[in-house]
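Visitor: So that we are looking at the same thing, I have put the structure below in structure tokens.
The values are calculated or read from the model by the stated rules, or taken from the named source; none is laboratory data. None of these values were measured; they are calculated from a predicted model. Here Cβ is always computed from backbone atoms with ideal geometry, including for glycine, and neighbour counts include all displayed protein chains.
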Ligand SMILES: Nc1nc2c(c(=O)[nH]1)N[C@H]1C(S)=C(S)[C@@H](COP(=O)(O)O)O[C@H]1N2
Ligand SMILES: [Mo]
């Protein structure tokens, strides 16, 4: 079988229309609740913000976490490595300077809608079921999955809201959701089974159109609406292309916070596609919906139609310095500025750096061969002269020809920030 890769626009402008017309189903969520969420999501500003905050960042607003601790995250969160944001932990980019291409699990950001569940491999199984299968539901145990042919792939997992805070700080826009800077991304070597192998073994038919992987973590309740368990449909073309059921991260079993025993890895797609603590996969011969591809993870705002953009698929283009915000740098001494750039669209081609707020630019030296689904490390030398505030900028261009713009097109939920970030430092 040679699956047709889904295009950004084809997936899936039709879905919302089909759902509205009653042609698509959204198991577990009342139609009126989805309509409410959808209506709220279409309204720009604080109303949508507070209504949707629950699904994006409930705990950020309501649970005051102690420094270095996030409710529900199992691994240690040292304050030099992570910034806790509600139930989530953002990687401090400066802490990546000492790490390699792959982000160690100890440094990998965590995005939890609720809390990390503790699941024993012996008690776990994956159920594959639905109208898109030839027969009844099929179960796969942990050892059974591990016995299937495995593949290893380097891929980033990056939250769709990564960089969201810059819509506010650089562009003065009001957006809802967790106020990430640039550290809601990590790159790992994932080992696991091809989703396509499992779907074929389960008896997927040519009538299947969507698959809906679902996590075993708690149901998500947002503004009194129970959205059910985290789940987001994937079109069959992507599911059969390069998606993994991963059970290892950087050569070790998945840590609890990153989805033990098994998670989905959907290369180059937005973070929420990478369902952790996978429990079941519905294979459907009808288009499927969940809150995570209807009101959430679409673009709403003046630049988009009232029903929002198509559901988000691939990540965008970004660059970050491995340097603390507001860092002090000594004058008249040679600095090696380092950072990373990545794109969900194509491998990075070039990275340019400016140390004078964008007046002049020079090429950074790429320290890795750019690959799809990954980032590239880079460096640039700088001898700061004038004492006082300075603004550093890094701008990537990928092989599709896209370059990071000066301004990102706003959307109410602050997804897919792609503009060049102004990194302020002080020369002392
Ligand atoms: N079951 C489940 N899967 C999930 C989530 C979740 O809360 N529950 N969060 C999603 C989101 S929004 C992101 S960005 C990634 C984060 O993966 P990480 O925590 O391993 O970095 O997991 C995704 N998968
Ligand atoms: Mo995310």
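Visitor: Looking only at residues in segment 182-204 that are within 16 Å of ligand 1 (Cβ to nearest atom) and either surrounded by fewer than 22 Cβ atoms within 10 Å (Cβ to Cβ) or not assigned by TED's automatic domain parsing to the domain that holds residue 105 (or both), which one is nearest to the chain's Cα centre (by Cα)?
Guide: By that ranking, first place goes to 189.
Visitor: Check off (1) within 16 Å of ligand 2 (Cβ to nearest atom); (2) farther than 15 Å from residue 159 by Cβ for residue 256 and give me the number that stays unchecked.
Guide: Every condition holds for residue 256 apart from (1).
Visitor: Is it fair to say residue 149 is under 24 Å from residue 251 (Cα atoms) and within 16 Å of ligand 1 (Cβ to nearest atom)?
Guide: no
Visitor: Name the single residue that is farthest from ligand 1 (Cβ to nearest atom) among those in segment 97-128 being in contact (Cβ under 8 Å) with a residue 60 or more places away in the chain and under 11 Å from residue 187 (Cα atoms).
Guide: My answer is 101.
Visitor: If you go through segment 135-143 one residue at a time, do you hit one that is more than 16 Å from ligand 1 (Cβ to nearest atom), in a loop (DSSP other than H, G, I, E, B), out of contact with any strand residue (DSSP E or B) (no Cβ under 9 Å at 6 or more places or on another chain) and touching a residue at least 60 places away in the same chain (Cβ under 8 Å)? Break it down stepwise before answering.
Guide: To start, the set of residues in segment 135-143 that are more than 16 Å from ligand 1 (Cβ to nearest atom) comprises 135-143.
Subset that is in a loop (DSSP other than H, G, I, E, B): 135-137.
From what is left, the residues that are out of contact with any strand residue (DSSP E or B) (no Cβ under 9 Å at 6 or more places or on another chain) are 135.
Retained after the next criterion (residues that are touching a residue at least 60 places away in the same chain (Cβ under 8 Å)): 135.
Checked against the condition, which is being more than 16 Å from ligand 1 (Cβ to nearest atom), in a loop (DSSP other than H, G, I, E, B), out of contact with any strand residue (DSSP E or B) (no Cβ under 9 Å at 6 or more places or on another chain) and touching a residue at least 60 places away in the same chain (Cβ under 8 Å), segment 135-143 yields at least one hit.
Visitor: Something else: Just to check your reading of the model, which residue among 267, 287 is away from ligand 1 (no atom under 14 Å from the Cβ), farther than 17 Å from residue 142 by Cβ and either surrounded by 22 or more Cβ atoms within 10 Å (Cβ to Cβ) or in the same structural domain as residue 127 (by TED's automatic domain parsing) (or both)? Before you say what the answer is, go through the steps one by one.
Guide: Working: 267 fails: away from ligand 1 (no atom under 14 Å from the Cβ).
Result: 287 is the single residue among 267, 287 that is away from ligand 1 (no atom under 14 Å from the Cβ), farther than 17 Å from residue 142 by Cβ and either surrounded by 22 or more Cβ atoms within 10 Å (Cβ to Cβ) or in the same structural domain as residue 127 (by TED's automatic domain parsing) (or both).
Visitor: What are the pairs with Cβ atoms under 8 angstrom where one residue, in segment 271-290, is farther than 19 Å from residue 244 by Cα and touching a residue at least 40 places away in the same chain (Cβ under 8 Å) and the other, located anywhere, is in a strand (DSSP E or B) and within 16 Å of ligand 2 (Cβ to nearest atom)? Sequence gap at least six, or different chains.
Guide: Every condition considered, the pairs that remain are 290/227; 290/231.
Visitor: Would you tally the residues in segment 172-200 being within 16 Å of ligand 2 (Cβ to nearest atom) and at negative phi?
Guide: The number of residues fulfilling the criteria is 13.
Visitor: Evaluate the following for residue 317: is it more than 15 Å from ligand 2 (Cβ to nearest atom), without any contact (Cβ under 8 Å) to a residue 40 or more places away in the chain and either buried (at least 21 other Cβ atoms within 10 Å of the Cβ) or over 14 Å from the mean Cα position of the chain (by Cα) (or both)?
Guide: no
Visitor: Would a scan of segment 248-255 turn up a residue that is buried (at least 24 other Cβ atoms within 10 Å of the Cβ), in the same structural domain as residue 139 (by TED's automatic domain parsing) and within 19 Å of the chain's Cα centre (by Cα)?
Guide: Within segment 248-255, the subset buried (at least 24 other Cβ atoms within 10 Å of the Cβ) is 249.
Next, from what is left, pick out any that are in the same structural domain as residue 139 (by TED's automatic domain parsing): 249.
The next check asks that each one be within 19 Å of the chain's Cα centre (by Cα); those that pass are 249.
The answer is yes; a qualifying residue exists.
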